[in-house]
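K.L.:
Right, I'll just put the structure down here and ask away after.
The values are calculated or read from the model by the stated rules, or taken from the named source; none is laboratory data. Predicted, not measured: the structure shown is a model, and the values here were computed from it. Don't worry about glycine lacking a Cβ; one is built from the backbone with ideal geometry, like all the others, and counts go over all protein chains shown.
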Amino acid sequence: MAEARFDERRRAVLAVLGFDADEPTVTLGHETRKGMSGLLLRLLDVPDAVVMEILGVVMAETLAAGSELVETLGVHLDVEMADYWTADDAFMDLVRDREVLTALLGEVGGASIAAANASEKTKTVKGIISDHLTGENGREKHDHWVPRWMAFPPSAYTTRGGVGTVAAAERVKWLIDEDEPSEPEPQEAAEAASTAEENERIAA
């Protein structure tokens, strides 16, 4: 769904810029013979609001997958991944960790079902998870679900680490915390207040 919606915006931008409608990206769509100068002249002809729309598409095309910026934007824009993504067979094939699979089953099927199947083969657990996501084989359907590492902000199911999105989000959090002004220590605050009072007295 996300790709289809984005492609609509991309094709609109391609049309505005006079690019080939079948170009896979706006970023690489300009004609070599006209070059960047030709592109600049075309941009000068369109309203600023349209330039901002074009910029949005270009920025989205050039975002680095797995980067801190993706995690920052996901939180800032309040992206709900469950609106755009659903688990499929390819996803289930990639998840092989038993602890994670049991945790996933607990989310979609409930703690009691996860506990009852904790010792089952991973193939069986995957099948039960899939049944809960599709509502098949008499299982209660669990809608609007994504694994924790795909949410904004992301989190992990274990303490072992190694989850790329979580690591990226932690780096962003560290940078944000570093930039935030810290509260002054009580002694520093008292000294600052005393200095301010003294300056006011002298000025008076």
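K.L.:
List, please: which pairs have Cβ atoms under 7 Å, are six or more places apart or on different chains, and start with a residue in the stretch 1-27 that is on the phi > 0 side of the Ramachandran plot and end with one that is of a type outside the set (Ser, Thr, Tyr)?
P.N.:
GLY18/ARG42
K.L.:
Looking at VAL70, VAL58, VAL125, can you tell me which residue is assigned to a helix (DSSP H, G or I), surrounded by 12 or more Cβ atoms within 10 Å (Cβ to Cβ), out of contact with any Pro (no Cβ under 7 Å at 6 or more places or on another chain) and assigned by TED's automatic domain parsing to the domain that holds ALA12? Walk me through how you get there before you give the answer.
P.N.:
Values: VAL70 fails: assigned by TED's automatic domain parsing to the domain that holds ALA12; VAL125 fails: assigned by TED's automatic domain parsing to the domain that holds ALA12.
On inspection, the qualifying residue turns out to be VAL58.
K.L.:
While we're here: Could you tell me whether ASP131 is charged (D, E, K, R), farther than 30 Å from LEU17 by Cα and at pLDDT below 95?
P.N.:
Answer is no for this residue.
K.L.:
Taking the condition assigned by TED's automatic domain parsing to the domain that holds GLY127 and in contact with a Lys or Arg (Cβ under 9 Å, 6 or more places away or on another chain), does VAL16 pass?
P.N.:
Numbers: assigned by TED's automatic domain parsing to the domain that holds GLY127: no; in contact with a Lys or Arg (Cβ under 9 Å, 6 or more places away or on another chain): yes.
So VAL16 does not fit the description; no.
K.L.:
Separate question: Within the stretch 108-122, can one find any residue that is modelled with pLDDT of 95 or more, out of contact with any strand residue (DSSP E or B) (no Cβ under 9 Å at 6 or more places or on another chain) and under 27 Å from ARG5 (Cβ atoms)?
P.N.:
Among the residues of the stretch 108-122, at least one is modelled with pLDDT of 95 or more, out of contact with any strand residue (DSSP E or B) (no Cβ under 9 Å at 6 or more places or on another chain) and under 27 Å from ARG5 (Cβ atoms), which makes the answer yes.
K.L.:
Shifting gears a bit: For the stretch 44-55, state whether one or more residues are touching a residue at least 60 places away in the same chain (Cβ under 8 Å) and under 27 Å from ALA12 (Cα atoms).
P.N.:
no
K.L.:
Continuing with the same structure: List the residue pairs whose Cβ atoms are under 7 Å apart, where the first residue sits in the stretch 76-92 and is in contact (Cβ under 8 Å) with a residue 40 or more places away in the chain, the second is of a type outside the set (A, V, I, L, M) and loosely packed, with under 13 Cβ neighbours inside 10 Å, and the two are 6 or more positions apart or on different chains.
P.N.:
Every condition considered, the pairs that remain are ALA82/HIS144.
K.L.:
Further question on the same structure: Do we find a residue being small (Gly, Ala, Ser), under 24 Å from GLU80 (Cβ atoms) and touching a Phe, Trp or Tyr at 6+ places or on another chain (Cβ under 6 Å) anywhere in the stretch 129-142?
P.N.:
No - not one qualifying residue is present in the stretch 129-142.
K.L.:
How many residues, within the stretch 136-176, are basic (Lys, Arg), part of a loop (DSSP other than H, G, I, E, B) and buried (at least 17 other Cβ atoms within 10 Å of the Cβ)?
P.N.:
Counting residues in the stretch 136-176 that are basic (Lys, Arg), part of a loop (DSSP other than H, G, I, E, B) and buried (at least 17 other Cβ atoms within 10 Å of the Cβ) gives 1.
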